[in-house]
Amino acid sequence: MPWDDMDTATAYARGLLHGERVGLRVTTEDDLDRLAEWWVDDELAVFQQLSIRPRGRDAIKEIMRGWITNDTGSGVGFSICDESGALLGHATLFGATLPLRLATFAIMLGPNATGHGYGSEATRMLIRYGFEELGLNKIELHVWAYNTRAIRAYEKAGFVREGVRRAAAFHEGVFHDEVFMGIVAADWFAAQSSR
């Protein structure tokens, strides 16, 4: 619906990156140390990466510097913070291309931020940002099948299971499946209008 006045536009902008308990903000150089620390933490890597292997923080920070520029037009990334501004994690939409207007969602939370609903709220906020601000048609994600807490959170946010890539990761001598999930703009907008 077109905006009729400046107040409507301002209210939209004010609420776009600020939720009830979390906010999305630009990732700063100061955030990189903590994010890289979480990325190389074995207990977190098992949920984020294909394999656990030692990697230097400086190398990870350099990779992340490329992710956080937000200047490609094909994606956007944010640091997730609480009301006080404390860093909770990072979330991104990446790989958006025309004409599909499809992006991939990824999120990483620090160990003290999991289990409190911060990730769920940040996920909902980034879905909204992707559909309302970037004009995406679909957002997809990939999650390891054993990450049941994340799968439940994604389903609550509106993602649906679309498929499984069997035996996609190898940990502790066992192959594990990867679940593909997606949400389409039309379904998301319909759910929003029914609230």
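Here are some notes:
- Residue count for region 91-111, restricted to those that are under 18 Å from Asn147 (Cα atoms) and either of a type in the set (D, E, K, R) or in contact with a strand residue (DSSP E or B) (Cβ under 9 Å, 6 or more places away or on another chain) (or both): 8
The rows are residues; the columns are (1) among the charged types (D, E, K, R); (2) more than 26 Å from Glu178 (Cβ to Cβ); (3) in a helix (DSSP H, G or I); (4) open to solvent by 90 Å² or more (accessible area, probe 1.4 Å).
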position	(1), (2), (3), (4)
Trp3	no, yes, no, yes
Ala9	no, yes, yes, no
Tyr12	no, yes, yes, no
Asp30	yes, yes, yes, yes
Trp38	no, no, yes, no
Leu50	no, no, no, yes
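Per-residue answers, yes or no, for (1) surrounded by 13 or more Cβ atoms within 10 Å (Cβ to Cβ); (2) not polar (S, T, N, Q):
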{"residue": "Leu24", "(1), (2)": "yes, yes"}
{"residue": "Thr27", "(1), (2)": "yes, no"}
{"residue": "Glu43", "(1), (2)": "no, yes"}
{"residue": "Pro54", "(1), (2)": "no, yes"}
{"residue": "Glu83", "(1), (2)": "no, yes"}
{"residue": "Pro111", "(1), (2)": "no, yes"}
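- Given (1) surrounded by fewer than 17 Cβ atoms within 10 Å (Cβ to Cβ); (2) at pLDDT 85 or above, number of the condition Ile63 does not satisfy: (2)
- Any hit, region 54-64, residues being closer than 18 Å to Arg152 by Cα and in a loop (DSSP other than H, G, I, E, B): no
- Qualifying residue in region 125-139 (condition: over 25 Å from Ala9 (Cα atoms) and open to solvent by less than 20 Å² (accessible area, probe 1.4 Å)): no
- For region 138-195, the set of residues classified as touching a residue at least 24 places away in the same chain (Cβ under 8 Å), farther than 20 Å from Ala91 by Cβ and aromatic (Phe, Trp, Tyr) consists of Tyr146, Phe170, Phe189, listed by residue number.
- Flag if Thr92 is at pLDDT below 95, buried (at least 20 other Cβ atoms within 10 Å of the Cβ) and in contact with a helix residue (DSSP H, G or I) (Cβ under 8 Å, 6 or more places away or on another chain): yes
- Qualifying residue in region 160-183 (condition: modelled with pLDDT of 95 or more, open to solvent by less than 30 Å² (accessible area, probe 1.4 Å) and farther than 15 Å from His142 by Cα): no
- Cβ separations smaller than 8 Å between residues 6+ apart or across chains give the following pairs from region 115-133 residues that are among the hydrophobic types (A, V, I, L, M, F, W, C) to residues that are open to solvent by 40 Å² or more (accessible area, probe 1.4 Å): Met125/Leu17; Phe131/Phe189.
The values are calculated or read from the model by the stated rules, or taken from the named source; none is laboratory data. Just so you know, these numbers come straight off a predicted model, no measurement behind them. Using ideal geometry, Cβ is built from the backbone for each residue, glycine included, and neighbour counts are taken over all protein chains shown. SASA here: full protein model, heavy atoms, side chains in, ligands and nucleic acids out. Shrake-Rupley method; radii C 1.70, N 1.55, O 1.52, S 1.80 Å.
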